[in-house]
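The values are calculated or read from the model by the stated rules, or taken from the named source; none is laboratory data. Please read these numbers as outputs of a predicted model, since none were measured by experiment. Note: ideal-geometry Cβ built from the backbone for every residue, glycine included; neighbour counts use all protein chains shown. Calculation scope for accessible area: heavy atoms of the full protein, side chains included, ligands and nucleic acids excluded. Shrake-Rupley method; radii C 1.70, N 1.55, O 1.52, S 1.80 Å.
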Amino acid sequence: MKIEFVSQSSPRAVRAMAIVLVAFSVLAMPALAGDGEETRSTVPFGPDLAVSAGDLVLSKSILMAGVDFNVSIKVYNLGDEDAFSVTVDLLVDTEPVDQVVLEEVPVDGWVKAYFDLSLSQGDHTIGVLVDGDDAIDERREDNNGASLDVRVRSLPDASVTASDLSVSSA
């Protein structure tokens, strides 16, 4: 079978179409070829758990040494199957400090994971890692971590001695 295309368009229209096709192919090539980084794709279909640093939320804007605060993270499922028994690890300076298990993260949905945390004074990195043990076969594994750099201040000296007290009549 032979298919023949006969154009009755002007040369200008043909050139414009050629430019559009070239632009499309240049823009589409990176998406088709990948960015060169290993995504460790394990299955063509299934869950695709993901977290984003923009969804890593702290309950306090100013962190003080030794004072508890909450950390929450939205865990998304960008895949085409529900994910069950999803582990979410909380990391401080790359060391695991806590873990929660989410019963289910539905397709095209998200579930929040919550942690309580207290840190020492200084600069720290708070991170989360979803499915860190690779128990769930996912389409992509390169979107399972997120982190946030924080500075923890020291508590002000709030000691009171007897000499600091005075009595006055009101």
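Just one of the numbered conditions (1) at pLDDT 95 or above; (2) under 22 Å from Asp137 (Cα atoms); (3) out of contact with any Gly (no Cβ under 7 Å at 6 or more places or on another chain) is not true of Asn77: (3).
For the stretch 53-76, residues that are open to solvent by 50 Å² or more (accessible area, probe 1.4 Å), of a type in the set (Val, Ile, Thr) and part of a strand (DSSP E or B) total 1.
In the stretch 136-151, the residues that are over 21 Å from Ser118 (Cα atoms) reach residues that are among the β-branched types (Val, Ile, Thr) and open to solvent by 60 Å² or more (accessible area, probe 1.4 Å) with C-beta atoms within less than 8 angstrom, at least six apart or across chains, in these pairs: Asp137/Thr42; Glu138/Thr42; Arg139/Thr42; Glu141/Thr42.
Checking each residue in the stretch 118-167 for being open to solvent by 100 Å² or more (accessible area, probe 1.4 Å) and hydroxyl-bearing (Ser, Thr, Tyr) picks out Ser163, Ser166.
Return the residues of the stretch 48-60 that are more than 13 Å from the chain's Cα centre (by Cα) and either aliphatic (A, V, I, L, M) or at pLDDT below 95 (or both); say none if nothing qualifies. Full working, then the answer.
Pass one, the stretch 48-60, residues more than 13 Å from the chain's Cα centre (by Cα): 58-60.
Residue satisfying the conditions is Leu58 alone.
Each residue in the stretch 80-95 was checked for being open to solvent by less than 80 Å² (accessible area, probe 1.4 Å) and in contact with a Phe, Trp or Tyr (Cβ under 8 Å, 6 or more places away or on another chain), and 2 of them qualify.
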